[in-house]
Amino acid sequence: MKALAVWSALTLAIQLQAQAPLRTQAFSLPNGLRVVLLEDHERPLVRARLHLLLDRASGALRPGLGPLALRMLEHSDAGNLKAEDFHQLLAGAGIELMPSLRADGLAWDLVARSRDQDLALGMLADRVLRPIFDPSILEAQRLACWREVERTEAASSQLKLPLAPEPNWTLQAPTLDGLAAITYEDLLAFHTRMSRPDRAVLLLHGDLGREQARRLVFQTFGTWTALPVPVAPAAPLSPVPSPEAGALLALLLPGDPTLLPVRFQMEGPRPMATLDVGAPGPAAATALMLERLQALRRRGFTEADLHRARAAWSAGRALVALHPEALLDQALAEARESAATPARMEALTIEALNGELQRWLGPARLQPGGLPAPGR
């Protein structure tokens, strides 16, 4: 069995070395939309991700606004299609279009056959850029949004604490009062702030050539313009997190004995500490979680930990080409200049790694009030 595992690993390594690297190309539209093309003609498929970065200085990112706006977008008419016709057309053409809420904005992921790429990109543009919000469905979507919060809380017997050094603006769980306070005008203003080509990145991966991609993007997104929005006061600048240190912490923290019984896991792009709430109750669990996190913060990591995590990161990076979603994640990080690079990873010091750990687990961020008790 061991010999088989070694042989499989060797075979995979040879295949990866023989695989031709994807052609990565970038261009921008006059309206500011940045486009990254990962050209891959191995399969007759096209994947796309449109990522809309939200500005935390806009003042429009209060908890609940993102989830409610996303529900309204999904149930609204798009372009010249009614909502039900839009979804039927997607299903009939075998096109997958999935929205997602992220810590820094919203994204739509698209998968279609290459022969349907014009239709698929056009429908993506209609959904995101040309929705027709129906005020009559606002109350139903507000209720559905709150029921989703209740289901999530009822199903969880854990304390959860995000450890990302930056606030999760759109992912904070809303309160019932907060959802009730969101008006139709708030949603329209949110969409105006969100729908800006100069703050968007479009990733394309698959059976597309450069000129074909340029024609398709100009055809579907070339008329996208941003409406003027009021200028909000600039938010105070916070230290720029190190993507290299963050990538290594995501490898080092799971299973670290200092944390037990607190567990570390990644929920999408978010690092999260979790702890089961047992018989002692939420108060005792909160105290235990804070004690374990601070114990790790005091201890820090060693040079041996740094070398071990760096080797694991390099091995994982070699497998990115096998996973289309990982390719898009990496391309997005590179487009936003937040990707870890081999050169900076090699230059990372143990002091920088532990400095990022101090930021992730800073006492100011780990106040007991920031730990939501289940069933609140």
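The simple spin-label model puts a point 7 Å past each Cα toward its Cβ; for residue 137 and residue 227 those points are separated by 1.9 nm.
P(r) tail for region 243-370, what percent of Cα pairs lie past 18 Å?
Numbers: 4731 of 8128 pairs.
Summing the P(r) tail past 18 Å for region 243-370 gives 58 percent.
Here the extension length gained between residue 272 and residue 43 equals 78.9 nm, from 0.36 nm per residue of separation less the Cα-Cα distance.
When the expected Rg is taken as 2.2 N^0.38 Å, what fraction or multiple of it is the alpha-carbon Rg of region 41-154? All intermediate terms of the calculation are to be shown ahead of the outcome.
Values: Rg = 15.4 Å, N = 114, 2.2 N^0.38 = 13.3 Å.
Output field value: 1.16.
Work out the FRET efficiency for residue 322 and residue 180 from their Cβ-Cβ distance, taking R0 = 56 Å, and round it to the nearest 0.05.
Numbers: r = 46 Å, r/R0 = 0.82.
For residue 322 and residue 180, the calculated efficiency is 0.75.
The shape of region 28-104 comes out oblate: with a ≥ b ≥ c from the C-alpha gyration tensor, a/c is at least 1.5 while a/b does not beat b/c.
Determine, for each peptide in 247-253, 174-180, the mean count of other beta carbons within 10 angstrom over its residues, then list the peptides with the highest first.
Numbers: 247-253: 20.9, 174-180: 14.7.
Sorting 247-253, 174-180 by mean packing, highest first, produces 247-253, 174-180.
As a length-normalised measure over Cα pairs under 8 Å and 6 or more apart, the relative contact order of region 243-370 settles at 36 percent. For residue 210 and residue 260, the difference between the fully extended length at 0.36 nm per residue and the C-alpha to C-alpha distance is 13.0 nm.
Rule-based calculations on the coordinates, nothing more; no lab input. Given the structure is predicted, the values throughout are model-derived calculations rather than measurements. When we count neighbours, we look across all protein chains shown, and the Cβ atoms used for this are built from the backbone with ideal geometry, even at glycine.
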